[in-house]
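This report concerns only the one structure given below.
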Amino acid sequence: MGRILAPHGVRGWIKVQPVSETPESLLDYAAWWIRPASESEWRERRRTAARMHSGLVLASLAGVTTREDALLLRGAEVGVPRAALPRPGKNEIYWIDLQGLEVINREGVSLGTIAEVVAHGAHPLLRVAPPAGQSREDRLIPYVTAIVDRVDLDARRIEVDWREDY
């Protein structure tokens, strides 16, 4: 739901860049799960205080009391347990649910699998890793209705209007 950017002040507060549609929703959760950039394991941290400031969340976490403590968290991801999130509405999907889906174009060609959804100014971008055995770089495909024809979570695939040579 966010990424820790930097310390804020000298008392261990952190600046968090929200990556959800409603940035202030991070304020609703008393416990956050933190995954440092260099690790694969998530750890629960109690949020002791937080507020919005210029589109960012400024927060204090239990056990993070100095600027140096906060510096160690720079680049970490911030999440909350899936069970704590509201159910997606009709025609809504959590970005995390797109990760790992196979991307198929209108010609039936596999373009790869979604490695992540990247927040971008105008619209989200799908970062698509190439199929195994291909040496091309990842593709960035806009996640917009003009390009995304269908998302089928049950079949673990997404159909797009995107040529193989793009």
Problem - At R0 = 35 Å, FRET efficiency that the Cβ-Cβ distance of His123 and Arg67 yields, to 0.05 - result: 0.45
Practice task
Along Cα→Cβ, 7 Å out, is where each label goes; now give me the distance between the ones at Ile147 and Ala83 in nm to one decimal.
Solution key: 3.7
Practice task
Under 1.5 on a/c is rounded, so check that first for the range 95-160, then, if it is not, pick prolate when a/b is larger than b/c and oblate when it is not; a ≥ b ≥ c are the square roots of the alpha carbon gyration tensor eigenvalues.
Solution key: rounded
Handout entry: Percent of beta bridges antiparallel (DSSP, the range 95-160, rounded to nearest 5)
Key = 80
Fill in the blank from the handout: Loop-resident GluC sites (Glu not before Pro) in the range 72-113 with no more than 11 other Cβ atoms inside 10 Å, DSSP not H/G/I/E/B, are Glu92, Glu107
Handout entry: Stretch gain in nm, segment Thr22-Arg136, where the contour uses 0.36 nm per residue and the Cα spacing is subtracted
Key = 37.6 nm
Problem - Radius of gyration, Dmax [the range 1-65; alpha carbons; angstrom] - result: 11.1, 30
Problem - Added length on full extension, which subtracts the Cα-Cα distance from 0.36 nm per residue, Thr48 to Tyr94 - result: 13.9 nm
Fill in the blank from the handout: The correct pair for the range 1-152, radius of gyration to one decimal and Dmax as a whole number, both in Å and from Cα atoms, is 17.6, 56
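No value in this document is a laboratory result; all are computed from the given coordinates. Just so you know, these numbers come straight off a predicted model, no measurement behind them. Cβ atoms come from the backbone with ideal geometry, glycine included; neighbour counts cover every protein chain shown.
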